[in-house]
Amino acid sequence: CPNSSLLQLVYPYDFRLTEKEKTSICYLSFPDSYSGGLGDTQFSFRLRQSGGQRSAHYEDDGEYNREAPLTLQREAAHYFGYVYFRQVKDSSMKRGYFQKSLVLVSRLPYVNLFQSLLQLIAPEYFDKLEPCLEAVCNEIDQWPPPAPGQTLNLPVMGVVMQVRIPSRVDKPGSSPVKQFNQENLLPAPLVLPSVHELDLFRCFQPVLIHIQMLWELMLLGEPVVVMAPSPTVSSEMVLALTSCLAPLRYCCDYRPYFTIHDSEFKEYTTRTQAPPNIIVGVTNPFFIKTLQHWPHILRVGELRMSGDLPKQVKVKKPAKLRTLDTKPGIYTSYKTFLHKDKTLIKRLLKGIQRKRPSEVQSALLRRHLLELTQSFIIPLEHYIASLMPLQRAITPWKNPPQIRPFRQEDFMKTLEHAGPQLTCVLKGDWLGLYRRFFKSPNFDGWYRQRHREMTQKLEALHLEAICDANIVAWMKDKSEVEIVDLVLKLREKLVRARCQHLPVKEETLQRVGLYIETIIGSLPEDLQAVLHHP
């Protein structure tokens, strides 16, 4: 039981957690409300790091984040917890039950990989305890770092797990490349189709007819509560919802599983201010009362795959959410901007009738959501690209020109000829949806990311322009002060290009370095000495 839960063991021993983090992990590692179910269950949580920034465990954070898709970047301020919980009858225990959780903590959102790993480790751990963990950690220590675009073979406990780490250059919606190298692997590896993708069809089965509404709520960063019967259903539903926007990054906070003991409990349940932009997954019936004022509440039952379209929940007015035995449903007053896509439901129904495998149904659902997101985002990408200065405006001896400001009304004018209607059959109030999107953290996150990438591109183009310039001709009529100033500016540019890993060829950087040496060599010896040893 969480109230008496103890953190018995942390491995590796040098992994530092604050007392607050340890307490939170203990509470999040057990079901929050009574669960009579015996056996093993798996679920996930996400935890805000406390106690300020710590040095990253990996030196390659920057390199990994540059090459990984935005949705799979390593988190700087949160931990993910992947839990394997066991509850079995045991008369020797005070409560008559043995309850224990093995938790894997990471900054990576690799839910599939880590839950598969726990399926291998946890049963052994419950049997053999600490020596088992030590052996497993020694094996994991030998694993290569996750390199985007690479297929990794990860040996653990006599099994080789094989998985491909997605890369930012992968075509959105393409299935993992079948480039697995199996020749020398005996026994044959356990091939994971994805490090992170969930069975979307299974997760969304009670809400398939409302997928449009849920996608809009995610896009707009609306506050959503998922009330579920177990941490497994709660965490899978929350993670499925946040993945709806791929390849767009969901920039709001989200808690796949949240308990009444959480340090943010007061912050989320207060009625003195509007609920934050967050999705929380909860299981304790107490939340029905404390989160009643939230604008969107999704109440779901146990997920059971059946041979027919599962019973679909209804949209109900928030006021109906009153009692502990409240029926499943989406409790909201939200009116969608876009009309429902009936063809999607027909295709999924046909798949059920033909007994299509769940992964095929999930792929269909994922493609639908991807095309919807792309239809929405492509006009924004086209408009922001038009704000970039022309390449001919970039001259070597002046600072690069500024990116023009993003004007919402100018963007709206482009929609008539180049809007989502070109790639999406869905009708509805697209303009109203964009206006609401501009107020959301997802727009802010997307815009900042794009602006940063464009600024870096300008810096890179400027360095290339300097490389192509005739420095000797420029120096002819310049004073020593101007030349020294140029040296200092070029040095600063070179340092920034290397630190920020700007998209510049190594050859260009070396040429700029040679230019600097050439310029210094043309100056009097006293100035040369100062510039060589600043």
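Here's the yes/no breakdown for (1) polar (S, T, N, Q); (2) without any contact (Cβ under 8 Å) to a residue 24 or more places away in the chain:
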position: F443; (1), (2): no, yes
position: Q449; (1), (2): yes, no
position: A469; (1), (2): no, no
position: E507; (1), (2): no, yes
position: E517; (1), (2): no, yes
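Count of region 217-230 residues, restricted to those that are farther than 13 Å from N442 by Cβ and at pLDDT 95 or above, is 4. Among the residues making up region 392-427, those that are touching a Pro at 6+ places or on another chain (Cβ under 6 Å), open to solvent by 30 Å² or more (accessible area, probe 1.4 Å) and aliphatic (A, V, I, L, M) are A393, A418. Only residues that are open to solvent by 60 Å² or more (accessible area, probe 1.4 Å), of a type outside the set (A, V, I, L, M), at pLDDT 60 or above and farther than 23 Å from P109 by Cβ were counted across region 174-210, and they come to 1. Might you let me know whether region 320-333 holds any residue that is modelled with pLDDT of 90 or more, open to solvent by 40 Å² or more (accessible area, probe 1.4 Å) and more than 24 Å from the chain's Cα centre (by Cα)? There is at least one residue in region 320-333 that is modelled with pLDDT of 90 or more, open to solvent by 40 Å² or more (accessible area, probe 1.4 Å) and more than 24 Å from the chain's Cα centre (by Cα). Kindly indicate whether any position in region 466-488 is part of a helix (DSSP H, G or I) and within 28 Å of I384 (Cα to Cα). Within region 466-488, one or more residues are part of a helix (DSSP H, G or I) and within 28 Å of I384 (Cα to Cα). Within region 490-502, does at least one residue satisfy the condition of being at pLDDT below 85, open to solvent by 50 Å² or more (accessible area, probe 1.4 Å) and not in a helix (DSSP H, G or I)? Yes, the conditions are met somewhere in region 490-502.
For every residue, the table says whether it meets (1) free of Cβ contacts under 8 Å to residues at least 40 places away in the same chain; (2) of a type outside the set (S, T, Y); (3) surrounded by fewer than 15 Cβ atoms within 10 Å (Cβ to Cβ); (4) over 17 Å from M237 (Cβ atoms).
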| site | (1), (2), (3), (4) |
| --- | --- |
| C252 | no, yes, no, no |
| T259 | no, no, no, no |
| S263 | no, no, yes, yes |
| K266 | yes, yes, yes, yes |
| T270 | yes, no, yes, yes |
| N277 | no, yes, no, yes |
| K289 | yes, yes, yes, yes |
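Every condition in (1) surrounded by 13 or more Cβ atoms within 10 Å (Cβ to Cβ); (2) in a helix (DSSP H, G or I); (3) at pLDDT below 90 is met by R347 except one, and the failing one is (3).
The values are calculated or read from the model by the stated rules, or taken from the named source; none is laboratory data. This is a predicted model, so every value here is computed, not measured. With ideal geometry, Cβ positions are generated from the backbone for all residues, glycine too; neighbour counts draw on all protein chains shown. Just the protein is used for accessible areas: all its heavy atoms, side chains included, with ligands, DNA and RNA removed. Shrake-Rupley method; radii C 1.70, N 1.55, O 1.52, S 1.80 Å.
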